[in-house]
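Beneath this line is the structure, given in structure tokens, with notes to follow.
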């Protein structure tokens, strides 16, 4: 059962461009989010065409996630996602149907992209966490796979 896969404090990998080769879940990758710091503060920039590996159709933000709660817990049939922090820290469990890995995002300078048919679970969120997600598709409930068993069947049927 998917709920038992990820638990508070469990992290396989800290998201960093230095260890990008350690991300073993297929069809997922770390991406730099350019940051420019000076005495006034830090500016992060995303030029969608340059930094995001797909055309963006939708964005949404997760924040005020209660302690101990999970978000995500689904996969998409078609939608790809580009996930990055605006503040705080979160852990994301990634599963391609063969390999599971948990990643800790703790800096706005690194994003994670996920292709379709990647099960993701967001957990262990810091109280001040704000997570931004850019999606390749508009919202469509029919694109969601919300049962982990159905996800596994879908992956096997698509030979991924």
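The values are calculated or read from the model by the stated rules, or taken from the named source; none is laboratory data. Every value quoted in this text rests on a predicted model; they were computed, and no experiment measured them. Here the Cβ positions follow ideal geometry from the backbone for every residue, glycine too, while neighbour counts run over all protein chains shown.
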- Item | Inter-residue pairs, beta-carbon under 8 Å, first without any contact (Cβ under 8 Å) to a residue 12 or more places away in the chain and at positive phi and in region 112-134, second part of a strand (DSSP E or B) and surrounded by fewer than 21 Cβ atoms within 10 Å (Cβ to Cβ), 6+ apart | none
- State whether one or more residues within region 94-102 are modelled with pLDDT under 95 and within 11 Å of the chain's Cα centre (by Cα). yes
- Answer yes or no as to whether residue 61 is under 15 Å from the mean Cα position of the chain (by Cα) and within 15 Å of residue 32 (Cα to Cα). no
- Message: Just to check your reading of the model, which residue among 62, 43 is outside any loop (DSSP other than H, G, I, E, B), at pLDDT below 95 and surrounded by 10 or more Cβ atoms within 10 Å (Cβ to Cβ)?
- Response: 43
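Residue by residue, here is whether (1) modelled with pLDDT of 70 or more; (2) in a loop (DSSP other than H, G, I, E, B) holds:
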| residue | (1), (2) |
| --- | --- |
| 3 | no, no |
| 7 | no, yes |
| 11 | yes, yes |
| 19 | yes, no |
| 24 | yes, yes |
| 31 | yes, no |
| 36 | yes, no |
- Message: For the list (1) in contact with a strand residue (DSSP E or B) (Cβ under 6 Å, 6 or more places away or on another chain); (2) modelled with pLDDT under 95; (3) buried (at least 18 other Cβ atoms within 10 Å of the Cβ), I need the number of the one condition that residue 131 fails.
- Response: (2)
- Query: Restricting attention to region 88-101, which residues are surrounded by fewer than 21 Cβ atoms within 10 Å (Cβ to Cβ) and either within 19 Å of residue 126 (Cβ to Cβ) or without any contact (Cβ under 8 Å) to a residue 60 or more places away in the chain (or both)?
  - Reply: 88, 89
- Query: Picking from 38, 22, 64, which residue would you name as being under 15 Å from residue 131 (Cβ atoms) and free of Cβ contacts under 8 Å to residues at least 24 places away in the same chain?
  - Reply: 64
